Amino acid sequence: MSKVNLNSLTIDFDDSAPVVAPSPRPSSAGTPEVHQGPDLCFMSLGSGSSGNSAYLGTRDSGIIIDAGINPKTALPELARNGITPEKIVGILLTHDHQDHVRYIFAWLRALRHAQVFCTPRLMSGMLRKHSVQRRIKDYQRPIYKEMPFKVAGMEITAFDTSHDASDNMGFSIETNHGRFVVTTDTGVITERAAHYMRGANFLMIECDYDDVLLEHSHYTEMLKDRIRGPRGHLKNEDAARFVASIYSRQLTHVFLCHLSRDNNSPELAVEVMTNALCACRTPLRQFALVHPVTPLLPSSKAKKID
Ligand SMILES: [Zn+2]
Ligand SMILES: [Zn+2]
């Protein structure tokens, strides 16, 4: 058996299964872990309504996906894993909600050389709704959905998701080690999202809430309706059913992200996904939770699916 750590949790898997990057690397307890193959590295810096950011790339260069985590805490964690600031060449934004863009200017100020990749609509929404300095436009590299662009040696395509921000998208990222697809903050899985996720080797998918917990939560009915709506968030069951429906041998890693702190738990999300995947007897190498609240405290779960 080999061991891989994700945000301080250990995943065991069978060495006889086919090997696809990222390859295992031990970590010290209590710190987030970079997943790496010969080249590919993935690191969640935070996930959930309190803030979202992740690193994807190689040990030489890469990108940050979303700017909802303070670089003051994220950059030292990245540096501890060999990712120094000059290696981060771009920041991608999925949409302009606070938990995804709150620290965008702080990131750009800390990195200086990096560009922010987002659609013009997302940039306008961010400037309109948040107190982001207009100088951010100097760093913008405009992108458009379904039009691939290259950064850090990866070819990236933004695709439409269904959410209630100014503009909403996921990313299909072609790396030297396969396709990494990010789909978060989406009430339903759009046709384009399904298209890209079907070809994924690595999938990061939202598992925001559990139906029963949301129903009995202290949230107002209006907020519950917003979350459950087609432009809200994805629930555990829908994410699990979808992943089971698109499963193929090329899909080797699934990361569950954006868990609600109030209306979900790591145990529930893992259980629902486990049941759906076991039902279709997937030989998935790993699936794991991207930490639901903060990456700096170990409380996420990971399991092997046989
Ligand atoms: Zn969000
Ligand atoms: Zn959102």
Practice task
Using only the Cα atoms of the stretch 43-144, each taken as one equal point scatterer with no solvent, compute I(q) by the Debye sum, divide by I(0), and report log10 of the ratio at q = 0.11, 0.19 Å⁻¹.
Solution key: -0.27, -0.84
Completion exercise
Check: C-alpha center the stretch 126-194 vs C-alpha center the stretch 207-273, spacing in Å is 21
Exercise for the section: Mind running the shape call on the stretch 93-149? Use the C-alpha gyration tensor, a ≥ b ≥ c as the square roots of the eigenvalues: rounded below 1.5 for a/c, prolate if a/b tops b/c, oblate otherwise. Expected result: oblate
Completion exercise
Fewest-first ordering of 198, 135, 102 by Cβ atoms within 10 Å yields 135, 198, 102
Handout entry: Radius of gyration and maximum dimension Dmax of the stretch 122-204, Cα, Å
Key = 13.9, 38
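Every read-out reported here was derived from the displayed coordinates using simple, explicitly stated rules and does not represent laboratory data. In this text the structure is predicted, and so the values were computed from the model without any measurement. As a convention, Cβ positions derive from the backbone with ideal geometry for all residues, glycine included, and neighbour counts pool all protein chains shown.
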